[in-house]
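First comes the structure, then the notes that go with it.
The values are calculated or read from the model by the stated rules, or taken from the named source; none is laboratory data. All of these numbers come straight from a predicted model, not from anything done at the bench. All Cβ positions, glycine included, derive from the backbone under ideal geometry; neighbour counts span all protein chains shown.
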Amino acid sequence: MRFKSFLFLFAVLLALTSCVSTKQMSYLQDYGEEVDSIVQIQRLRNPYRIQVGDLLSIRVKALDQNIVGMFNPIGSENPNATTEEAVYFDGFTVDEHGNIRVPTMGEMNVLGFTEKEVREKIEKKLLEEYFREEANIFVTVKLAGIRYTTLGEISQGSQVVYKEQLTIMEAIANAGGISDYGDREKVQIIRQYPHGEEVHTIDVTDLDALNSPYYYIQPNDMIVVNPLPRKALGLGTSGLEVFRTVISLITLATSIYFLTTR
């Protein structure tokens, strides 16, 4: 009788502690009392600063496009190419010293600069050394998309998104979402800095994640979603799955008990 009571108590405790709650599986929850309250979000995003290994697309335009042709390395076959593959062959890669090599202009240091600052730097040099104001030159500088990598309890691989900015929620959605076994409360973002890599954590179940400094993804970010302890135990995520597992364990334990007591 004690053995049966112990098995029953064990089954109840296992079921209560093994299910993945709705709170752990839902995104951007409002933990306040007012469910319909207005959430004020500060959309403050520091501009991205170029790092070693980044790939830049630089285009120079003018009233007479022929006079700026030498500054545009992308071939005439596809002058408006913007894909990562095209930019890989005809764009500008930031070397280990933080420099890019621009036709005629030579090496230019761009490490730590924003896209806007690089554009202004190129425009200034062109106007000082090659053109007059009347040429009406127009320079565009863009990163070759936002590349990020996902690992863990999420579709694994690398993706490139051609947008000016990308949020962690969009990145997760593009990867197919986090599995039922993924830990949404401690999503890790491994981010590159000039001094090395740092690991940051964001809770995507909390609405306050919208105000996190890591809500926006940066190029070369790695998003890691670790599994919940339930996966290691193999008990399932829903109540039905846990119930089936518990029944199997009870049946096995009962069989062993009767076999060893005979």
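Can you pull out the residues in the range 111-125 that are more than 13 Å from V60 (Cα to Cα) and among the aliphatic types (A, V, I, L, M)?
L111
Within the range 25-62, track down each residue that is aliphatic (A, V, I, L, M) and at pLDDT 60 or above. I'd like the intermediate steps shown before the answer.
So in the range 25-62, the residues aliphatic (A, V, I, L, M) come out as 25, 28, 35, 38-39, 41, 44, 50, 52, 55-56, 58, 60, 62.
If the condition is that a residue be aliphatic (A, V, I, L, M) and at pLDDT 60 or above, then M25, L28, I50, V52, L55, L56, I58, V60, A62 are the ones that fit.
Scan the range 129-176 residue by residue and report those that are within 19 Å of Q51 (Cβ to Cβ), crowded, with 16+ Cβ neighbours inside 10 Å, over 11 Å from the mean Cα position of the chain (by Cα) and not small (G, A, S).
Within the range 129-176, V141, K142, L143 meet the criteria.
For the range 72-111, enumerate the residues that are among the aliphatic types (A, V, I, L, M) and at pLDDT below 90. Give the derivation first.
In the first step, residues of the range 72-111 are kept if they are among the aliphatic types (A, V, I, L, M); the result is 74, 81, 86-87, 94, 100, 102, 105, 108, 110-111.
I74, A81, A86, V87, V102, M105, listed by residue number.
Looking at the range 187-207 only, could you name the residues that are outside any strand (DSSP E or B) and either in contact with a helix residue (DSSP H, G or I) (Cβ under 7 Å, 6 or more places away or on another chain) or surrounded by 15 or more Cβ atoms within 10 Å (Cβ to Cβ) (or both)?
D203, V204, T205, L207 - these are the residues of the range 187-207 that are outside any strand (DSSP E or B) and either in contact with a helix residue (DSSP H, G or I) (Cβ under 7 Å, 6 or more places away or on another chain) or surrounded by 15 or more Cβ atoms within 10 Å (Cβ to Cβ) (or both).
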